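The values are calculated or read from the model by the stated rules, or taken from the named source; none is laboratory data. Since the structure is predicted, the reported quantities are computational estimates derived from the model, not experimental observations. Counting neighbours? That spans all protein chains shown, and the Cβs are built from the backbone with ideal geometry, glycine included.
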Amino acid sequence: MKRIMYYFFQGLLYIAPLSISLYIVYFLFTKIDGFVQTYIQKYLEIRVPGLGILIVLVLLTLLGFAGQTIIARPFKLLVNRTITRAPLIKVLYSSLRDLLSAFVGKDKKFDQPVLVTVNTISNLEKMGFLTQEDLAELGLKEKVAVYFPHSYNFSGELFIVPKELVKPVDMPSSEAMKFIVSGGVTSV
């Protein structure tokens, strides 16, 4: 019985966000379409089928645009300006912001999963993500930067390792991250 309830709730988790979104769009469509059709028929004496869905699509697009430009951007600027004035908080905030944008931002940095040999005697390897291939600025021409996320945690360590100990893994970075963070429990 527990297994059936588990599967039921899993199914509910998969379908609920989509169903609720579709219901809200349908509700808006019927209300707006009914409202608009009443006035169009009253004043223009014509019926325009589907006008409600067009209005809903335009309103949702305008809402997304307004949310991104009018609300989100000024709020981000205010927070950034405030934080850059506090020295210690500035370092922590910018490091965390860069780390999070490396995972999910436009400039994803964790896009090349690699295996690094950490013990050549036992051929022990560790999975991570290549973050910098050229460390010449640091005077480390034959080394690369590899980030190793911790399992069951959203932290990790950065290692500088010899290039010859690093080999690319042919898999999507999201799958590699799931595999590492789950401690190898998630199947690849």
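If you filter region 87-102 down to residues that are more than 26 Å from PRO162 (Cβ to Cβ) and among the hydrophobic types (A, V, I, L, M, F, W, C), you find that the one that is modelled with the lowest pLDDT is LEU100.
Annotation note: Cβ proximity below 9 Å between a residue of region 46-62 that is surrounded by 13 or more Cβ atoms within 10 Å (Cβ to Cβ) and a residue that is among the hydroxyl-bearing types (Ser, Thr, Tyr) (sequence gap 6+ or interchain) occurs for GLY52/THR30. Of the residues screened, ASP170 is not one that is of a type outside the set (Ser, Thr, Tyr), over 26 Å from the mean Cα position of the chain (by Cα) and assigned to a loop (DSSP other than H, G, I, E, B). Can we say THR131 is in a strand (DSSP E or B), of a type in the set (Ser, Thr, Tyr) and at pLDDT below 85? When the stated conditions are applied, THR131 passes them. The residue list LYS76, LYS141 contains one member that is part of a helix (DSSP H, G or I), loosely packed, with under 13 Cβ neighbours inside 10 Å, among the charged types (D, E, K, R) and modelled with pLDDT of 70 or more, which is LYS76.
When GLU157 is tested against (1) among the charged types (D, E, K, R); (2) surrounded by fewer than 17 Cβ atoms within 10 Å (Cβ to Cβ); (3) at pLDDT 85 or above, exactly one condition is not met: (3).
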